[in-house]
Amino acid sequence: MRLHRVAGATLLLAAAALLASCADSPGASVPSVEGSWGDVSDSSAPSLDFAAGGRVSGTDGCNRLMGHWTQDGATVILIDMASTMMYCQEIDTWLSAAATAEIDGETLALFNENGDPIGTLQR
C-alpha cells in the first residue's frame, strides 16, 4: 500500500512539474506582433504595421519601410526590409536599421543586425 502512495505522489509531482514547465515555456502567452506599433496616424513618427500574411510596412519618420516578418515566441525577425532613400534633415531614422524585435507586453523593443537596442515602439 505504501508503494502505491509513493508511486502516486511521484506521478502527481511529475505531472505538476510538466504543467509548470509548459506554463513557463517561451511564447506560451506571448501575443502576436500583428497590428500597429507606434503612432501610425503621424507620418513623421516612427511606426510599423505587421499584417497577418507576414508583410510589414511603416515609416522611420521620413522614409517608407516595407518587408516581411516571422515570429518565434517573443522574438520577431524582420526579413528583406527595404526603404525609400529620401534625405531627412534633423530626423533620426533609427527604425530603418531594425533587424529583429522583442515583444514585452505593449512594448516592441527593436534591435539592429548586431543585436544592439535601437529603440522601442508602443502598441
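We did not get these values from a lab; they are worked out from the coordinates using the rules stated. On a predicted model such as this, the values are computed, not experimentally measured, just so you know. Virtual Cβ from ideal backbone geometry, glycine too; neighbours counted across all protein chains shown.
The table below gives the values:
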| quantity | calculated |
| --- | --- |
| Label point distance in nm, residue 55-residue 70, each placed 7 Å from Cα along Cα→Cβ | 2.0 nm |
| FRET efficiency estimate (nearest 0.05) - Cβ-Cβ, residue 43 to residue 116, R0 41 angstrom | 0.95 |
| Loop sites in the range 84-119: chymotrypsin sites (Phe, Trp or Tyr not before Pro), DSSP, at most 10 other Cβ within 10 Å | 87 |
| Calculated from backbone phi, Karplus (6.51, -1.76, 1.60) coupling profile of the range 37-52 in Hz, x at Gly/Pro | 10, x, 8, 6, 7, 10, 5, 9, 10, x, 7, 9, 10, 9, 7, 4 |
| DSSP-assigned coil residues among GluC sites (Glu not before Pro) in the range 75-123, each with at most 16 further Cβ atoms within 10 Å | 90, 106, 113 |
